[in-house]
Amino acid sequence: MSASCMAIAVALQVGVASSAYANDKLIELSKSNENWVMPGKNYDSNNYSESTQVNAENVKQLKHAWSFSTGELHGHEGAPLVIGDMMYVHSSFPNKTFALNLNDPGHILWQHSPKQDPAARSVACCDLVNRGLAYWPGDDKTPALVIKTQLDGHLVALNAKTGEEFWKVENGDIKVGQTLTQAPYVVHDLAIVGSSGAELGVRGHVTAYNVKTGEQAWRYYATGPDEEIGLADDFNSANPHYGQKGLGTATWEGDAWKIGGGTNWGWYAYDPQANLIYYGSGNPAPWNETMRPGDNKWTMTITARDADTGKMKFGYQKTPHDEWDFAGVNVIMLSEQTDKEGKKRKLLTHPDRNGIVYTLDRENGDLISADKLDDTVNVFKHVDLKSGLPVRDPEFGTRMDHKGTEICPSAMGYHNQGHDSYDPTKQLFFMGINHICMDWEPFMLPYRAGQFFVGATLWMYPGPKGDRQNYLGLGQIKAYNAITNTYKWEHMERFSVWGGTLATAGNLVFYGTLDGFLKARNSDTGELLWKHKLPSGVIGYPMTYEHKGVQYIAVMSGVGGWPGVGLVFDLQDPTAGLGAVGAFKNLQRYTQMGGSLEVFSLDGKNPYDDVNVGEWTKG
């Protein structure tokens, strides 16, 4: 072996060892009830905690412990991270990041307040939200890092101890409408991130960066030639009927794939044994289906990629030739369950915007089940499990020179960006649901880079189970079993349960509401056990951590996002905000803007019970 070959071999060995170390460290951190180290808590992305101090018997004793204002008014999605004594809190634009020591959370150890091109605001689709942070635990040469996205398309790594910028890269160009609202994701020594902007004709991509240097490791697109999509040699070999080679261009007219959307701005999950990352690609562009004939692959697709190479191992397109903006970026949660035939399987479950909750074998992409999120879904009669194709009801299709009415779900979907939870001991998924339908009238428009490229006017209103006269009854909370294909319980809510849920071994499920309540239900029965009124509405998901023997429940308060655009920007036209303004016309009667983190514990126990904590003393 030559010296150079030996050097490469050694480097590879060091790289593998380093990657495994970083991965193992994150996995170990995620197992502790004291940490919330990534969105979803762990690589299963199940938002499930084994903490039991707060439980169904004593949750009525849950009291406010402490709070923290981010100083920003726009919508606050996602949740903070906790690693040991440290909590990292994000905000909406301008995407501030705060480091708090949980022993004295009133003292900001550092904050990162980036200066961004204000033009980013004008190309953001649906309010100026951000969904959170990622954490990389560091090694003997590189410090631990907090990784964040900025609306102006930059990915930034901060020294977790000092807040100093460690590296910064441009992931997208806001001049063509590429923004970033997603929480990045760490696998091995890679920071993985997608992009936003399908409403402006952005061609979606997913990119992995070397977490130590910011160098691009790989990038692949949702549409286009196979080599640019990154299809593996055995792509969809287990399910060739999903489609295989050449479809990223063949299912588009001409070069329409170049402005065809398919951005991914939702959540990721990761299976360390299979070394696969999972995510959903978004809607094709424009929304007007007449302008892009074909299946428009690989938009609207549950995607599995090899974490190291980025190669796409399987892809299942849920809504071929989308007609309703059912962007398929929603949360994917991993579980291991025994199927109806008694076979133990590694599964992924994905409640989609199109009103169907899908469960796939996550090792090969086999479609196991596809159930309606609500019996009022009417765009599809059912999904054919053999072909994987949805069976459309043409009455609720969309086309030029036709105004579609009573279409359920609306473009917001029966499920949107919320990060839901899964309790493995009960085999139940707890899902926050929209209950919104719509009328839809398409129109033609030209593509202009950096301008909105939608081509449809929407009117939204409560679904059949809601109160259409008063525009209330726009949401639900449900407990779902993916093996029996049944809902154990469900309850209506005044507005959408937009942000997602948290499940705990305390027999509880927590979630926030747009009208500003944090609620706890018995996860077995759905009985409402506790609630607390927050300063503003909730579009993020609750999380929990333990610190010095006390279990805390935390949630971001700060209404906004797509459902809040009318309130946030003072819009009145019911078709504004891509139809959201009409649906949520009464939201302003229940809440107002203001971003903060709200934290709870039994009897309100908190670090300041010791009155000397946080007091100033002359050094």
*Calculate, axis by axis, the spread of Cα positions in the range 456-516 along the three principal axes, and write the results as whole Å, longest axis first.*
42, 29, 24
*Farthest positive-ward along the chain dipole, Cα basis, beta-carbon charges - from Val206, Thr575, Val123*: Thr575
*Across 10 Å bins from the origin, how do the percents of Cα pairs in the chain run, short distances first?*
3, 18, 30, 29, 15, 4, 1, 0
*Expressed as a whole number of Å, what is the distance separating the alpha-carbon centroids of the range 505-537 and the range 256-286?*
31 Å
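Report the charge-dipole magnitude of the range 328-460 in Debye, nearest 20, computed about the Cα centre from +1 at each Lys and Arg Cβ and -1 at each Asp and Glu Cβ. Intermediate values should be presented prior to the final figure.
Numbers: 15 positive and 19 negative charges, 64 e Å.
It works out to roughly 300 debye.
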_Between the range 455-476 and the range 298-372, what is the separation of their alpha carbon centroids in Å?_
28 Å
*State, to one decimal in nm, how far the label point of Phe443 lies from the label point of Asp393, with both points 7 Å from Cα in the Cβ direction.*
2.9 nm
*Entries of Lys344/Lys478; Lys343/Lys372; Lys115/Lys212; Lys313/Lys403; Lys297/Lys346 with Cα pairs more than 31 Å apart*: Lys313/Lys403
*Given the peptides 293-299, 340-346, arrange them by the average over their residues of other C-beta atoms within 10 Å, most packed first.*
293-299, 340-346
*What whole-number value in Å² describes the accessible area per residue of the range 133-227 for a 1.4 Å probe?*
29 Å²
*How many percent of the accessible area of the range 253-316 is carbon or sulfur, using a 1.4 Å probe?*
49 percent
*Determine one quarter of the surface area of the Cα convex hull of the range 324-450, which equals its mean projected area, and express it in nm² to one decimal.*
9.9 nm²
*Can you list the HN-Hα couplings for the range 185-199, worked out from phi with the Karplus curve (6.51, -1.76, 1.60; θ = phi - 60°), rounded to whole Hz and with x for Gly and Pro?*
9, 9, 9, 6, 10, 10, 9, 10, 8, x, 7, 10, x, 4, 6
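So for the range 400-449, averaging the separation of alpha carbon pairs under 8 Å that are six or more residues apart and normalising by length, what relative contact order in percent results? Intermediate values should be presented prior to the final figure.
On the way: 60 pairs, mean separation 25.7, N = 50.
The value is 51 percent.
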*For the range 364-501, with every protein chain kept in place, what is the accessible area per residue (1.4 Å probe, Å²)?*
37 Å²
*Heavy atoms only, probe 1.4 Å: what % of the accessible area of the range 94-178 goes to carbon and sulfur, would you let me know?*
48 percent
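Go ahead and estimate [θ] at 222 nm for the chain from helices alone: -39,500 (n - 2.57) per DSSP H run with n ≥ 4, summed, over the residue count, rounded to 500.
Numbers: 5 runs with 46 residues, N = 619.
Only helices count here, giving -2000 deg cm²/dmol.
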_Tell me the net charge near Trp489. Cut-off is 12 Å between Cβ atoms, Trp489 excluded, with +1 for each Lys or Arg and -1 for each Asp or Glu._
+1
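Need one number for the range 187-311: average projected area of the convex hull over its C-alpha atoms, nm².
Working: hull surface 30.1 nm².
Dividing the Cα hull surface by four gives the mean projection, 7.5 nm².
Whenever you get a sec, compute what percent of the accessible area on the range 518-606 sits on carbon and sulfur atoms (1.4 Å probe).
Numbers: 1350 of 2860 Å².
Reported share for carbon and sulfur atoms: 47 percent.
Pop the C-beta distance of Asn101 and Ser69 into the FRET formula with R0 = 22 Å and round what comes out to the nearest 0.05. Write out the running numbers ahead of the final one.
Working: r = 17 Å, r/R0 = 0.78.
Once the sixth-power term is evaluated, E becomes 0.80.
Give the relative contact order (percent, whole number) for the chain; include only Cα pairs under 8 Å separated by 6+ residues. Mind dumping the intermediate values first?
Details: 1816 pairs, mean separation 91.8, N = 619.
Reported as a whole number, the value is 15 percent.
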*How large is the accessible surface per residue of the range 317-357, computed with a 1.4 Å probe and reported in Å² as a whole number?*
23 Å²
*asked:* Suppose every Lys and Arg Cβ carries +1 and every Asp and Glu Cβ carries -1, with no other charges. What dipole size does the chain come out with about its Cα centre, to the nearest 20 debye?
replied: 420 debye
_Qualifying aspartates and glutamates (Cα of each under 20 Å from Cα of Lys426; at least 8 residues distant if same chain)_ = Asp44, Glu50, Glu57, Glu336, Asp339, Glu341, Asp361, Asp371, Glu490, Asp524, Glu527
_Size of charge dipole - the range 66-164 - debye, nearest 20, with Cβ of Lys, Arg +1 and Asp, Glu -1, no other charges_ = 120 debye
_So for the range 436-543, averaging the separation of alpha carbon pairs under 8 Å that are six or more residues apart and normalising by length, what relative contact order in percent results?_
17 percent
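The values are calculated or read from the model by the stated rules, or taken from the named source; none is laboratory data. The structure presented is a predicted model; accordingly, all values stated were derived computationally and were not measured. Using ideal geometry, Cβ is built from the backbone for each residue, glycine included, and neighbour counts are taken over all protein chains shown. The area values use the complete protein model at the heavy-atom level, side chains included, leaving out ligands, DNA and RNA. Shrake-Rupley method; radii C 1.70, N 1.55, O 1.52, S 1.80 Å.
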